[in-house]
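Structure, as structure tokens:
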2 protein chains.
Amino acid sequence: MNIKNIAILSLIVLVSFSCKQQNKSAKISQSEIQEPTVFAKGKQITNDNFTGNVWLENLVQADSLNQNSVGSVTFEPGARSKWHSHPAGQILLAIDGVGYYQEKGQPKKILRKGDAIKCPADIPHWHGASTDTKFVQVAITGREKGETIWLDAVTDKEYHNEPGI
Amino acid sequence: MNIKNIAILSLIVLVSFSCKQQNKSAKISQSEIQEPTVFAKGKQITNDNFTGNVWLENLVQADSLNQNSVGSVTFEPGARSKWHSHPAGQILLAIDGVGYYQEKGQPKKILRKGDAIKCPADIPHWHGASTDTKFVQVAITGREKGETIWLDAVTDKEYHNEPGI
């Protein structure tokens, strides 16, 4: 093999290696986005208490030992709950993505990974994903005073309102 | 520049590129291990209710709105709580790594990312990291019947006991 051939071969190997590395990086990124961060995605919710595609993984059922139920909820971009309230309140932990949370009469808040929200008892509120990013939350809901009370759907106008500072 | 020089230059660039990519991958892996999965690591716990190095990030304080406190706890490998009990029970969510959990009189359980444990009220138990992997948990603790009751340290023999199936 002469020097010219070695040069050409080296350049081919270089370009090939570069492409392979780039493909590998792209695959890792895609897989990281689609893999659940911590909890399984669970089953898609089929009742009409939500708008858009939403999944629920039940982690802990309320019972006589502990009256909190805990679940991981995954909202696709644009998906959200109806307005609703909890007789014993709720705690939300933002696990992944970007979400919205709003209490009746208050501006919409943006929730990001690591945020925690305490929703008071009997206060109508809704939560869901932002318009372009999914949202994964853990919901800790006290069941000692009864089940969730479901109210009206969140309109597109309400959903798209500017968040508060 | 003659063909020979091009060949040498190409080989140098190829080797340099390869090394750079490998270094980049190594840096990403190291950063992924050290970065918190979801919540901040918080402050190192300095009281004597724990053995080894343990960090706490308070996420939600119990108050009149909601009597659960929620915190993210990070245990270094080998670190664990003392035996203790909660008058209103506790829920643990395994967020990252590999941990141990044991109730008095029961075999030690292994907890992995995504697991959830319900610890009944007044049952002495302990939790912590495994011997060689850190453990991150979210603890949801009912405060309506009083604060945690701290008991004896977990001995090395207890800590190293074989886990149950």
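The values are calculated or read from the model by the stated rules, or taken from the named source; none is laboratory data. Only a predicted model underlies this, so the values are computations on that prediction, with no experimental measurement involved. Every residue, glycine among them, receives a Cβ derived from its backbone with ideal geometry; neighbour counts consider all protein chains shown. Just the protein is used for accessible areas: all its heavy atoms, side chains included, with ligands, DNA and RNA removed. Shrake-Rupley method; radii C 1.70, N 1.55, O 1.52, S 1.80 Å.
For first residues located in the stretch B:119-134 and closer than 12 Å to B:F75 by Cβ, partners that are at pLDDT below 95 and open to solvent by 10 Å² or more (accessible area, probe 1.4 Å) and lie 6+ apart or on another chain with Cβ distances below 8 Å do not occur.
Here A:T141 qualifies as within 13 Å of another protein chain (Cβ to nearest Cβ) and either among the hydroxyl-bearing types (S, T, Y) or assigned to a loop (DSSP other than H, G, I, E, B) (or both). Could you check the stretch B:60-85 and list, in sequence order, the residues that are within 11 Å of another protein chain (Cβ to nearest Cβ) and either surrounded by fewer than 18 Cβ atoms within 10 Å (Cβ to Cβ) or not in a strand (DSSP E or B) (or both)? Listed by number, the residues that qualify are B:Q61, B:A62, B:D63, B:S64, B:L65, B:N66, B:Q67.
For the stretch B:27-52, a residue qualifies if it is modelled with pLDDT of 95 or more, open to solvent by 60 Å² or more (accessible area, probe 1.4 Å) and within 12 Å of the chain's Cα centre (by Cα), and exactly one does: B:K41.
Mind listing whichever residues of the stretch A:102-138 are of a type outside the set (V, I, T), open to solvent by 30 Å² or more (accessible area, probe 1.4 Å) and assigned to a loop (DSSP other than H, G, I, E, B)? Across the stretch A:102-138, the qualifying residues are A:K104, A:G105, A:Q106, A:P107, A:K113, A:D115, A:A121, A:D122, A:P124, A:D132, A:K134. Close Cβ contacts (under 8 Å, 6 or more residues apart or on different chains) running from residues in the stretch A:36-62 that are closer than 17 Å to A:D96 by Cα and in the same structural domain as A:F135 (by TED's automatic domain parsing) to residues that are open to solvent by 40 Å² or more (accessible area, probe 1.4 Å) and in a loop (DSSP other than H, G, I, E, B) comprise A:N53/A:E76; A:V54/A:E76; A:W55/A:K41; A:E57/A:A40; A:E57/A:K41. The criterion of being part of a loop (DSSP other than H, G, I, E, B) and within 12 Å of chain B (Cβ to nearest Cβ) holds for A:A88. Only residues that are of a type outside the set (K, R) and within 12 Å of chain A (Cβ to nearest Cβ) were counted across the stretch B:104-138, and they come to 12.
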